[in-house]
Amino acid sequence: MTAREARAAQTDARPAGVLVGTVQETAGQPLGGVQVSAKAAGTTITTTVFTDEQGRYFFPAMRGGPYRVWAQAVGFARAPAEVTIVAGARIHQAFTLHRLGTLDEIAPQLSESEWIAALPEDTREKRRMKEILRVNCGMCHSIASVLQHRFDERGWLNMIQPAEPAPHGRISPGGIGRVPGRGTRPGIAAPGRRAASAPDGRSGAGGVHAVRHSNEERAGRTACPGRQ
């Protein structure tokens, strides 16, 4: 057995304790579905559980030692705490979450799917633009970033035109191209386009680079809403 394996065995052999608690908002109302996470000092592993309808959470048995613990939910400020798990003990940690007051505070907490779901679709044009953003732009850009910020024409061009035209039908592993009528797909450069190159010269490295759109698209069939 190596020294590293011996240390790991000793760590695993330490008696465990249990962490439980409650989460409520400032008015005292229990909060269900809140994410509560714990990370032991000196490790890279985070364990996460969720509160029940009564705002209660329960972690599985945890090795003794110091932990960073935090509770977070969309619309509330993150609440951190530090606890020490004691072998054989039941440790209780309560959290009170403070509701955020402005959209600017809440916006960074939203996921990509939540941003998409929030877009209006009460007219045909709005539904079309929502689908264009989701299918044609979402593969290259962060939807959250696009919707949280405002871009002028130069800003849009800098974001969606980093590549250049290339021979017909070029395919580059990891690259991205727009197949007419089918949105954006990884690993394919559509006719008249080339998958963008990464700074190290590898074509399409990481699969997150946009491609230059043709003049025809500029006139009508745009791949990103900022081009209209």
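Descriptive notes on the structure:
- Across the stretch 106-122, rounded Karplus estimates of 3J(HN,Hα) from the backbone phi angles (6.51 cos²θ - 1.76 cosθ + 1.60, θ = phi - 60°) give 7, 3, x, 7, 6, 7, 4, 5, 5, 5, 4, 4, 7, 5, x, 9, 7 Hz, Gly and Pro being marked x.
- Kirkwood Rh in Å, taken over the stretch 94-136 so that all alpha-carbon pairs contribute: 12.5
- For Leu19, the amide hydrogen comes within under 5 Å of the amide hydrogens of Phe59, Met62, Ile91, counting only partners 5 or more places away or on other chains and with H modelled in the peptide plane.
- Taken along its three principal axes, the alpha carbon spread of the stretch 3-101 comes to 52, 23, 17 Å, from the longest extent down to the shortest.
- Length available on full extension from Asp104 to Leu119: 0.36 nm per residue minus the Cα-Cα distance, which gives 3.7 nm.
- Amide H within-cut-off set for Phe76, under 5 Å, with H built and near neighbours excluded: Leu100
- Once backbone amide H atoms are built at 1.01 Å from N, Ile85 has Gly65, Tyr67 as its partners under 5 Å, excluding neighbours fewer than 5 places away on the same chain.
Quick note: the coordinates plus some simple rules give every number you see, no bench work behind them. Every value quoted in this text rests on a predicted model; they were computed, and no experiment measured them.
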